[in-house]
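In what follows, a structure is listed as structure tokens, so that the remarks can point back to it.
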Amino acid sequence: MCGIVGLFLKDKALEPQLGAMLTDMLITMTDRGPDSAGIAIYSGAGKGLAKITVQSSEPAKAFKDLDGDLAAALGQPVTILIKDSHAVIELPLAQMEAARSALSHLRPGIKVMSAGEAIEIFKEVGLPKDVAARFQVAKMGGTHGIGHTRMATESAVTTMGAHPFSTGSDQCLVHNGSLSNHNGVRRELKRQGMTFETENDTEVGAAFISHKLKTGETLGNALEATLTDLDGFFTFVVGTKNGFGVVRDPIACKPAVMAETDQYVAFGSEYRALVNLPGIETARVWEPEPATVYFWER
Amino acid sequence: MQTFDLEAEGLRALNSSLHALKGATNMTAWEVINPKGAHAIAAGVDAPVDITVRGSTGYYCAGMNKQATIRIKGSAGPGVAENMMSGTVIIDGDASQYAGATGRGGLLVIKGNASSRCGISMKGIDIVVHGNIGHMSCFMAQSGTMVVLGDAGDALGDSLYEARLFVRGSVKSLGADCIEKEMRPEHLALLADLLKRGEADGKARPEEFKRYGSARKLYNFNIDNAEAY
């Protein structure tokens, strides 16, 4: 199974509530995926700044003096916000790649969850309500976000196996389903220079889209390409700095419901996830068509 | 009228109250409020009662229904009226995947659109869809009647047995062994009756439909193919 929720806000007035709305939706999808949960929240960093979200299984040790060490390595000031096993490092955008490289030397054990101008990803093993509480997701504001509750099929129940997967700057993907040709696609993407953290099928889906975007394709074209090149069952929801997209495989047995009002576009694996959204009674509610790409960009 | 607040009282309490109704009962009218997409609402009812669900439902609403008339004043999630035996289920909105799957009897009416696999493996149920149906609908459908006022998606009636399919709009593609057939007077009479019972008689006339059925090449033993078996 697995549960997916997503919210793309059109009404700025709702932005402070993004995290609270997504948390409520995510917890509703607990029985579709009680193994682990994750959430990607997009909120603009300051002008000229970037955010790197990192995770450690020994946060007290790994995050101690990390800001000072990183600032010294970069010769630039950085700020760090520690949230349980994750930390969000804010730094000048131009230093983002240098910082990632410095991090791998300074703290070899930490994992980069996401990097970009807007994205922050928090994910852990455990019930969605516990994961959301650990990272205080309900207090976060933002423009759009994606959440996932996982019932593992293709790889182990670990933090790195939880969704969302981020394989490019400000990009992320969540998946309900299972891919059957992921080993072959992973080999090809590795040849093209993409790197992988896990043996997970979804990470291949994410890297496939990131690779397309890297070669200059639009989000719409990258999503179209999943229909021809990826084999298996999938409902994908993807996030980019400005956008939010949905695509389902041609068989479309993995459920999906969408709702749109003047205030938002929302996605849920089931209608249950959407019932507490404002104005849902009068929203346009529909099931996304199979093999059809939907995306919204601001 | 018995009003049941699903959010306050819970699904198990609702379904056990409905399952307790046997044969003649004087509690014949039920209303379920706050369904909020919950699963298995009014599944397994076996009594001649009227149940109105005020809102949208999740998986398997009205599954295995016998005798009851169940109205959904919203849209229905996957597997609505799955394996229905008798009675009537009427959905004001849309229905998700595999509506009426394996249904053995009764009438399912969907006033909006139905998505993929509507009527898959149907075995006697009648289904009237006012809108469109999605891909792979009536896959391996054995008996019963499907009436679609709108269009049908890809692979309609793939590996069809003896179900009768009527589509007023376009058919994106026919599945293996499904062919268009001539419309005879008895089919027009059947359609007129189903359109009326499906609350669609003001929307379409029987003459506007095309009939599809099995070419009967796939499921009959063919001696010329004996070596292939």
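Counting 0.36 nm for each residue step from B:Asn222 to B:Arg205 and taking away their Cα separation leaves a gain of 2.3 nm. For the protein assembly as shown, a simple Cβ point-charge model (Lys and Arg +1, Asp and Glu -1, everything else neutral) yields a dipole of about 220 debye relative to the Cα centre. With a cap of 14 neighbouring Cβ atoms within 10 Å, and only residues DSSP puts in a loop, list the trypsin sites (Lys or Arg not before Pro) found in the stretch A:21-86. Hits after loop and neighbour filter: A:Lys47, A:Lys64. Report the FRET efficiency, 1/(1 + (r/R0)^6), for A:Ala20 and A:Gln192, where r is their Cβ-Cβ distance and R0 is 30 Å, rounded to 0.05. Working from the Cβ atoms, E equals 0.15. What are the aspartates and glutamates whose alpha-carbon lies under 15 Å from the alpha-carbon of B:Lys22, with same-chain residues fewer than 8 places away excluded? Leaving aside aspartates and glutamates fewer than 8 places away in the same chain, those within reach of B:Lys22 are B:Asp46, B:Asp50. Take chain B, connect every pair of alpha-carbon atoms lying under 10 Å apart with a spring to form a Gaussian network, then pick out the residue of B:Ala152, B:Ala76, B:Ala20 with the largest mean-square fluctuation. In the Gaussian network model the winner is B:Ala20. Remark: for residue pairs B:Lys73/B:Lys172; B:Lys73/B:Lys210; A:Lys61/A:Lys83, the C-alpha separation exceeds 25 Å in B:Lys73/B:Lys172; B:Lys73/B:Lys210. For the stretch A:186-298, just say rounded, prolate or oblate: build the C-alpha gyration tensor, square-root its eigenvalues into a ≥ b ≥ c, call rounded for a/c under 1.5, and beyond that prolate if a/b exceeds b/c, oblate if not. Since a/c reaches 1.5 and a/b is larger than b/c, the shape of the stretch A:186-298 is classed as prolate. Amide H to amide H distances under 5 Å link A:Ser114 with A:Thr53, A:Ile121, where only residues 5 or more positions off or on other chains count and H is placed in the peptide plane. Would you mind telling me which residue in A:Thr226, A:Thr215, A:Thr195 has the biggest mean-square fluctuation in a Gaussian network model of chain A, where springs connect alpha carbons within a distance under 10 angstrom? Checking each option, the largest mean-square fluctuation is seen for A:Thr215.
Since only A:His175, A:Leu18, A:Trp286 are under comparison, the one whose Cα sits farthest along the positive direction of the charge dipole of chain A, derived from C-beta charges on Lys, Arg, Asp and Glu, is A:Leu18. Placing dummy labels 7 Å off each Cα toward the beta-carbon, the span from A:Lys10 to A:Leu106 is 4.3 nm. Among A:Leu230, A:Leu70, A:Leu106, which one moves the most in a GNM of chain A with springs linking Cα atoms closer than 10 Å? Among A:Leu230, A:Leu70, A:Leu106, the largest GNM mean-square fluctuation belongs to A:Leu106. The alpha carbon gyration tensor of the stretch A:69-111 gives principal lengths a ≥ b ≥ c with a/c of 1.5 or higher and a/b no greater than b/c, which makes the shape oblate. Bridging of B:Lys203 to lysines at a Cα separation below 19 Å is possible for B:Lys111, once same-chain residues fewer than 8 apart are set aside. Ranked by solvent-accessible area (1.4 Å probe, protein heavy atoms only, all chains present), the residues B:Trp30, A:Trp296 order from largest to smallest as A:Trp296, B:Trp30. Bridging of A:Lys214 to aspartates and glutamates at a Cα separation below 14 Å is possible for A:Asp170, once same-chain residues fewer than 8 apart are set aside.
Annotation for A:Asn242 and A:Asp262: the two label points, set 7 Å from Cα along the Cα-Cβ direction, are 2.4 nm apart. Each residue of the stretch B:39-51 is assigned a 3J(HN,Hα), and the resulting list reads 7, 6, 5, 6, 8, x, 6, 9, 7, x, 10, 9, 10 Hz, derived from the Karplus form 6.51 cos²θ - 1.76 cosθ + 1.60 (θ = phi - 60°), x at Gly and Pro.
Taking amide H atoms as placed 1.01 Å from N in the peptide plane, the amide H of B:Val53 lies under 5 Å from those of B:Val32, B:Arg71, B:Ile72, B:Lys73, each 5 or more residues away in sequence or on another chain.
Tell me, in nm to one decimal, what length is gained between B:Glu180 and B:Asp5 on full extension, where the rule is 0.36 nm per residue of separation less the Cα-Cα distance?
Gain on extension, B:Glu180 to B:Asp5, equals 58.3 nm.
With 10 Å² as the minimum drop in accessible area between chain alone and full protein complex (1.4 Å probe), the qualifying residues in the stretch B:32-77 are B:Lys36, B:Gly37, B:His39, B:Ser56, B:Tyr59. List the trypsin sites (Lys or Arg not before Pro) within the stretch B:20-55 that fall in a DSSP loop (any state other than H, G, I, E or B) and whose Cβ has at most 13 other Cβ atoms within 10 Å. Qualifying residues, ordered by number: B:Lys22. Dividing the summed helix terms, -39500 (n - 2.57) for each DSSP H run of n ≥ 4, by the number of residues in chain B produces a 222 nm estimate of -3000 deg cm²/dmol to the nearest 500.
The values are calculated or read from the model by the stated rules, or taken from the named source; none is laboratory data. It should be emphasised that the depicted structure is a prediction, and the values quoted were computed from it without experimental measurement. We place every Cβ from the backbone using ideal geometry, glycine too, and count neighbours over all the protein chains shown. For accessibility, only protein heavy atoms count, side chains too; no ligands or nucleic acids. Shrake-Rupley method; radii C 1.70, N 1.55, O 1.52, S 1.80 Å.
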